[in-house]
Amino acid sequence: MAGLAATLGSGAMTNSMEEVLKAKVILVIGSNTTWNHPVFGSLIKQAVKHHGAKLIVCDPRRIDLVKIADVWLQQRNGSDVALLSGLQHIILREGWEAKQYIQERCEGYDEYRQAIEFYTPEKVEELTGVKAADLEAAARLYATSGVAALYYCMGITQHSHGVDNVKACVNLALITGNLGVEGGGVNPLRGQNNVQGACDMGGLPNVFTGYQPVTNAAAVEKFSKYWNAPLSDKVGLTLTQMIPACGEAIRMLYIMGENPMVSDPNLHHVEESLRKLDFLVVQDIFLTETARLADVVLPGVSFAEKLGTISNTERRVQLSNPALTPRGNVRQDYEIIADLATRFGHTFPRTPAGLFQEIRDLTPSYAGITYDRIRDVGIQWPCPTTEHPGTRFLHAGKFARGLALLTPIAYKPPAEEPDGKYDLVLSTGRIYEHFHTGSMTRRSSILDAVVRTGHVEIHPELASKHGISTGDQVAVATRRGRIVTTALVTERVARGSIFVPFHFAEAAANTLTNDALDPVAKIPEFKVCAARLERVSGCGC
Amino acid sequence: MRLTIDGRSVEAVPGQTVLDAARAAGIYIPALCYHPKTGKAGRCRACVVEVEGMRGLKESCALEAKDGMVVHTATPKVMETRRLVVDLLLAEGHHNCISCQANSSCELQDMVYHLGVERPSFLIESEPTPLDLSSPGIVREADKCIHCGRCVEACQNGVVNEVLAFAYRGSHAKVVCDDDVPMGESTCVQCGECVQVCPVGALVLKQPRDVRIRPHETTATKVTCPYCGVGCQIDLHTKDNRYVFAMAHEGQWEKQPNKGMLCIKGRFGLDFVDSPDRLRTPLIRRDGELQEATWDEALDLVAERLKATKEQHGADSIGFFTSAKVTNEENYALGRFARAVIGTNNIDHCARL
Amino acid sequence: MREELSTAIESIAARYPERRSALLPALHLVQQHSGGFVGAEDLAAIAEVIGVPVSEAYGVQTYYTMFQRKKLGKYHLQVDTNIPAMLAGAEAIVNHLERALGITVGETTADGLFTLSTVECLASCGTCPVIQVNDRYYESMTPERTDALLASLRQGVMPDMPVVAHFHSECGVLMARRGMPNATDIDVYVASGGYRAIDRALEMEPAKVVGEVKASNLRGRGGAGFPAGVKWGFLARGTGKPTYLICNADEGEPGTFKDRQIMQFDPHLLIEGMIISGYAVGAALGFIYIRGEFAWIAEILERAIAQARSRGLLGTNIKGTGFDFDIIVHLGAGAYVCGEETALIESLEGKRGNPRLKPPFPAVVGVYGCPTVVNNVETLASVPFIIEHGAGQFMQFGTANNFGPKIFGISGHVKRPGAYEFPLGTPLARLLEAAGGVDGELKAIIVGGLSVPILTAEEAKGLLMDYDSCLKYGTMLGSGGIMVMNETTSIPKVALRAIRFYAHESCGQCTPCRQGSHTVAMLLERIVAGRGSRVDIDRVLQLCAAIKGTTLCPTGDAFAVPIEAMVTKFRAEFEALVD
């Protein structure tokens, strides 16, 4: 989000999902959409099958969308900046850029233009492994087919230079005039049902609700007054900064509905860190791997037992209703927080509606949304007044930032690259049947029956070199750890690469991953690190 | 604009079909192959009507309503056709409402009941086809298939998973998975869209079957899917405060982010809410073990430690992880707690992970 | 799949505006090169190359009867047992083959040499019985000739066997070159006056060509008799999309073998007709959708098209006028319903031959979503005469509202079954006389292909063979396929054979046709087997009455109407079987 916010002024999906049906060309990069956002994947497939949209897929893996793609660019893991800039180099060389749009709506062009010179197709081929001819074809398709939509996901952000990746996406859309138009945009697909909402609500160390900076005196004053309490104007630590600081700068953690013991990089280190805390509170619905380390565990309720709003990836605020009555001695999560606040002499609203009223009072982009208005169909923020219909796409006519910023970007390799010792590129991610740390999906009888254990995707050539077949037990090792899992021999993964889904705590992919962070967004580099396959004793391979 | 249906003046909007206009006015026209999500098909012939000034029978699902149109939905020829369709469909399959999961939520049953058909005119003996139980979440019963084609259209062109298709022809025509393999061995990704649109009991979910609860016994509540960021709107079907199954919410489906579709996780991955692993009471670590505690014990302890830590090390020595899986209201509440009660901006969540 | 095959499929796909159209050609091709069937692996490979889901490829493969999923014998003997063949003694040939091969229908001999099948009408009604061996026709078969055929096949030789075919051309328009040596050659065609009309046409404005055809009152010869010029006039204009011309050469209506007379013996006549028609309607690409069993006739057409192309009559800038036009011959694969124009279009697009819901009509949304005109072979072959000689000359043939020459196919119990070109409005009696007269005593007659109501001998008296007279006599001219039945014919058996045909051919899309045809077939089976009752006869009639007018395409009526007529008019014969 940092990349989007810096260049456009707003860190959210610029356009609506259904607008994909209006795009003439769709570029998907770093998103295995049909697995991770399957319903949106269907919309992409509809766009291609029924509406004649052209599809460009940029992914190191042969994901399902490749099958229907007009062009597939199989870039090396971590070389996205080069790839995206290479496309821009060709577009500018051919004069396909939206000259008037750039002039009227963007700034920083000259410096940016200079930086792009570096990314000749030949240079890009060297850095990404993508043939110059394919790059040329993709550039032509993207720039000359009409309105173009760009979708990305964690394949773009989970890198040591993820913010640069996002900015490269934005640059591409800007120079072709695809921001602020229906059917276009730069669209990050959110991986969890309320990532957008958690950000909107100020679940970030630098902003209050609606992205009002904690460093802004007026904002601090406004919130301070409303909450009737003094507030800090110092930017806090991110999750990925807090974990290593445990036992030192951080003495106590209060974790609500998160499971860093599976989701975070370099897990051995995570466990070590959490054990160093003076006190750990975990509020969850299951005794997760993280909760097992807690000093106090507070039982909340699941989505099915609560009323409240959730903001989806396209900024749509939707009302979710309670379908079940909580069982056992559990409390609504908002009640737990209110109960704690009481112990400090603060009075918090004890109903979702009461809390939502406060959100509306404090957050201009949510001000016009009421429970009544969204009972049937959600509304997309910004929605400043109760008469406002909501906003399908952002930046129409004017960017939230005023002028959009074209950013010069220098190519940086991944923090860790294969070498003699660790000869393979490891990337991690999700599979279709499971979700995140598996705490929900692995407790679903059908999903658990479909995929019971983790695996490592290995290219047939690599597999035959190691004498590995599907179903064999193999070990994957990195400088940080080693897991034993099951081999899945498939051409989905590139030669020289392996892929491990991270849902499975017993063979946790994040034991292996690199905790190198993006310097701005503090996102860990899950999508590339150096690894090797090892024999498992007694497996015969 | 207005048209006349069975002597009643009925309001219609441009682009609306005669079927939609009639249904909106509360006039029953059976339509077995038409579904708003899969569109007109012309297969079942149940929805035919007669229109003054037009020759022969017209499919009301495919006929655009026009101002001044005069429609008859119950002429002798129309009724004869509906009766024929019902008779033939009953002869073609093995429809047994007594044990059918779709009982009371079956469009063929509705049509038969409306027509007052007591017993079918033709009974054709044929060997029953075995159930296809091979897939993890879906049961296919070919003998109950009425060849409406909704599932095929939905699979090929809605979710575009392209697994279901019609094969063979004439009375041998049937819906197959890939090249006629059991669903569990096919490329099916278990999105369940076929079940969602099936008008009868030919495609049903296993979950209600396993607990012997028919869909019509359940209560549906609209929820937002707890998984990815698409925000699919789901009808969670429950009975006796237990989860039974999930269907995509179809109310105003065109305006919903998921357009009435779901994936395997939204369709089949929600029974964790009834998992025996669910936490049922607060826990406090005593002597190295997590032990059951009362809320007051737990909350007092947390409050006390928060206060002590803040006093000893300052507010910024405390960190909060909020969640991308809880509501906006709860995120807001924890944010307010961290900032206004504790006084730190050390709050974050797993957006990056 | 072998590299060359996928390259070949690629090059086929490149010929079509949309690559999915290559699906049927690809299935034919692979089947030919893979031992007569396309197995699961090959099918998946084809689906991959063309870019269709395996499920849909399988749906297409199993829709068409000519595609095999399993290996058959080296020689696939396919005996036409439809009504004209039945009247000509096909049953005896089947029995003879079963005895000679020691297998029953549907089986393959132990040595893997022969598979025996019965098939629907092969459009050899004038030269029945017919055995199709792989893709080759053996006509005018007798038990003796069948033995000779088997003996030769056992030696590994597909023999040449002469055919006894009768014909006569009274008008000299559509069958003018019949009997002429090498008439399929472009030089013979040109020397006998061919490709002259095209010069005239290209001098005219396209609209004038349409006008001339309109003025001629040429009515569609496929069966419905809709005026061709008027149909052309319905074409959507200014859509920005190309217009396509399709020649319907699916000739599948039992009793019909007229289009074959033109394509097999005078292919350039059709090609010239298509060029002119393409010019008139503004099409740059035409398709000849020809039934799969006619693969060998398709080869004749392909050769003729290549000749025409080499003379600059097809291709770009024809005769320097700037007019571009080319023709693709597209093989069907065994599906009667594909004779219906929207089903044909679906099939041409590489799909199951399911008729479309209308509207929209093909003139607005046809093949590939573009304006399309579909005309029958005989209709298109009439166009050169109209343009060369003028509408007036054309109207010299026939009677008011029923102008022009027409090929009548006469089969069944006549002494000289065959193809006869006479003006519309010719008395039926005159046609029967031309065909050598009825063999025995006339009992009943079907005059327009199997889908029209049967006439008793009494009813047929005085009938003129044109659209209006047929209507007046309670039947239809249809395709002009005349099936003659003498006193030895069992009408219940004819009815049963007829309904089995429709049940076999129903696309299965809509309820009344799919299950209605199946149910009527089961009732008639019971009746003919002597297990039925009078209630069953009434049920057949009730069903037919109810089905009429309810189906998605005309196929429902195509069986409900004739079966109802057979049962009603010959009820006593049916009752005799159940009493």
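Mind scanning A:LYS421/A:LYS527; B:LYS37/B:LYS77; B:LYS58/C:LYS406 and naming the pairs with a C-alpha gap bigger than 23 Å?
Numbers: A:LYS421/A:LYS527 19 Å; B:LYS37/B:LYS77 29 Å; B:LYS58/C:LYS406 34 Å.
Too far apart for the 23 Å limit: B:LYS37/B:LYS77; B:LYS58/C:LYS406.
Here the spin labels are modelled as points 7 Å beyond Cα on the Cα-Cβ line, and at C:GLU107 and A:ASN228 they lie 9.7 nm apart. Taken one residue at a time, the phi angles of region C:85-97 give Karplus couplings (6.51, -1.76, 1.60, θ = phi - 60°) of 5, 4, 5, 8, x, 5, 4, 5, 5, 4, 4, 4, 5 Hz. Gly and Pro are set to x.
Would you mind ranking B:VAL175, A:VAL25, C:VAL383 by Cβ crowding within 10 Å, fewest neighbours first?
On the way: B:VAL175 23, A:VAL25 26, C:VAL383 29.
By the 10 Å Cβ count, ascending: B:VAL175, A:VAL25, C:VAL383.
Each of B:HIS313, C:HIS268, A:HIS395, C:HIS504 was scored by other Cβ atoms within 10 Å of its Cβ. Listed from fewest to most, they are B:HIS313, C:HIS504, A:HIS395, C:HIS268. Over 21 Å apart at the Cα level, from the set A:LYS123/A:LYS412; A:LYS225/A:LYS398; A:LYS398/B:LYS259; B:LYS174/C:LYS548, are A:LYS225/A:LYS398; A:LYS398/B:LYS259; B:LYS174/C:LYS548.
First select every other residue whose beta carbon is under 13 angstrom from the beta carbon of C:GLY278; then total the charges, Lys and Arg +1, Asp and Glu -1. Before the final figure, lay out each step's value.
Details: positive: none; negative: C:GLU272, C:ASP324, C:ASP326.
Within the 13 Å Cβ shell, the charges total -3.
Exposed loop sites are taken as trypsin sites (Lys or Arg not before Pro) in a DSSP loop (any state but H, G, I, E or B) with at most 10 other beta carbon atoms within 10 Å; the longest stretch of chain C without one runs C:238-579.
Where Rh is the Kirkwood radius over the Cα pairs of region A:237-385, the temperature 37 °C and the viscosity 0.692 mPa s, what D in µm²/s does Stokes-Einstein return? The partial results should precede the final answer.
Values: Rh = 17.4 Å.
Using the Kirkwood radius from Cα pairs, D works out to 189 µm²/s.
Rounded to the nearest 500, the 222 nm mean residue ellipticity of chain A from helices alone is -8500 deg cm²/dmol, with -39,500 (n - 2.57) taken per DSSP H run of at least 4 residues. All alpha carbon pair distances within chain A were sorted into 20 Å bins beginning at 0; the resulting P(r) in whole percents reads 20, 55, 24, 1. Its Cα gyration tensor gives chain C an equivalent ellipsoid, and the semi-axes of that ellipsoid, as √(5λ) in whole Å with the largest first, are 34, 30, 24. If you wrap the protein assembly as shown in the convex hull of its Cα atoms and look at it from every side, the mean projected area works out to 58.2 nm². Applying the criteria of a DSSP loop state and at most 11 other Cβ atoms within 10 Å to the chymotrypsin sites (Phe, Trp or Tyr not before Pro) of region C:395-458 yields no site. The trypsin sites (Lys or Arg not before Pro) of region A:117-164 that meet both conditions, a loop assignment by DSSP and at most 14 other Cβ atoms within 10 Å of the site Cβ, are A:LYS131. Around the amide H of C:LEU285, modelled in the peptide plane, lie the amide H atoms of C:LEU245, C:ASP326, all under 5 Å away and 5 or more residues distant in sequence or on another chain. With the highest mean first, a sort of the peptides A:514-524, C:33-43, A:10-20 on other beta-carbon atoms found within 10 angstrom per residue produces A:10-20, A:514-524, C:33-43.
Residue by residue, region C:301-311 carries 3J(HN,Hα) couplings of 5, 4, 5, 5, 5, 4, 4, 4, 5, 5, 8 Hz when phi is fed to the Karplus relation 6.51 cos²θ - 1.76 cosθ + 1.60 (θ = phi - 60°); x denotes Gly or Pro.
Starting with the fewest neighbours, write out C:GLU378, C:GLU144, A:GLU417 ranked by other beta-carbon atoms found within 10 Å of each beta-carbon.
Numbers: C:GLU378 28, C:GLU144 9, A:GLU417 14.
Neighbour counts put them in this order, fewest first: C:GLU144, A:GLU417, C:GLU378.
Build a GNM of chain B with springs between Cα atoms under 10 Å apart, and of B:ILE264, B:ILE146, B:ILE138 the one that fluctuates most is B:ILE264. For region C:31-39, backbone phi angles converted through the Karplus equation (6.51, -1.76, 1.60; θ = phi - 60°) give residue-by-residue couplings of 4, 5, 9, 10, x, x, 8, 10, x Hz, Gly and Pro being listed as x.
Computed on region C:168-394, with alpha-carbon pairs under 8 angstrom and 6+ residues apart, the relative contact order is 29 percent. For a paramagnetic label modelled on C:ASN182 (point 7 Å from Cα along Cα→Cβ), amide N atoms under 18 Å away belong, within region C:256-271, to C:265-269. Using amide H atoms built in the peptide plane, which far-off residues or other-chain residues are under 5 Å from B:LEU203 H to H? Distant-sequence amide H within range of B:LEU203: B:GLU141. Of the cross-linked pairs A:LYS522/B:LYS222; A:LYS222/B:LYS310; A:LYS167/B:LYS222, those separated by over 28 Å at the C-alpha level are A:LYS522/B:LYS222; A:LYS167/B:LYS222.
Counted by Cβ distance under 12 Å from C:LEU432, the other residues give a net charge of +2, where Lys and Arg count +1 and Asp and Glu count -1. In units of the compact-protein estimate 2.2 N^0.38 Å, region C:393-516 shows a Cα radius of gyration of 1.13. The distance separating the Cα centre of region B:58-135 from that of region A:339-390 comes to 48 Å. Each of B:THR187, C:ASN317, A:GLY202 was placed along the dipole of the protein assembly as shown (beta-carbon charges, centred on the mean Cα), and the one lying farthest toward the positive end is A:GLY202.
Within the listed set B:ASN157, B:ASN96, B:ASN328, the residue fluctuating most in the Gaussian network model of chain B (springs between alpha-carbon atoms under 10 angstrom) is B:ASN328.
Before anything else, pin down the relative contact order of chain C: Cα pairs under 8 Å, at least 6 apart, normalised by residue count, whole percent.
Dividing the mean separation by the residue count of chain C yields 13 percent.
Per-residue shielding of B:232-244, expressed as the average number of other chain Cβ atoms within 10 Å of the residue Cβ, stands at 3. Taking the average, over residues, of other Cβ atoms within 10 Å as the packing measure, peptides B:103-111, A:315-323, A:76-84 rank A:76-84, A:315-323, B:103-111 from highest down. Across peptide A:206-214, the mean count of Cβ atoms from other chains lying within 10 Å of each residue's own Cβ comes to 2.
When only DSSP loop residues count, what GluC sites (Glu not before Pro) in region A:354-427 have their Cβ near at most 10 other Cβ atoms within 10 Å?
Details: sites: A:GLU358, A:GLU387, A:GLU416; in loops: A:GLU387, A:GLU416.
Here the GluC sites (Glu not before Pro) that fit, given the DSSP loop and packing criteria, are A:GLU387.
Taking every residue in A:308-317 and counting other chain Cβ atoms within 10 Å of its Cβ, the average works out to 6. The spacing between region C:554-579 and region A:153-188, judged by their C-alpha centroids, is 70 Å.
Taken together, the values in this text are just the output of simple stated rules run on the coordinates, not laboratory data. Given the structure is predicted, the values throughout are model-derived calculations rather than measurements. So basically every Cβ, Gly included, is an ideal-geometry build from the backbone, and we count neighbours across all protein chains shown.
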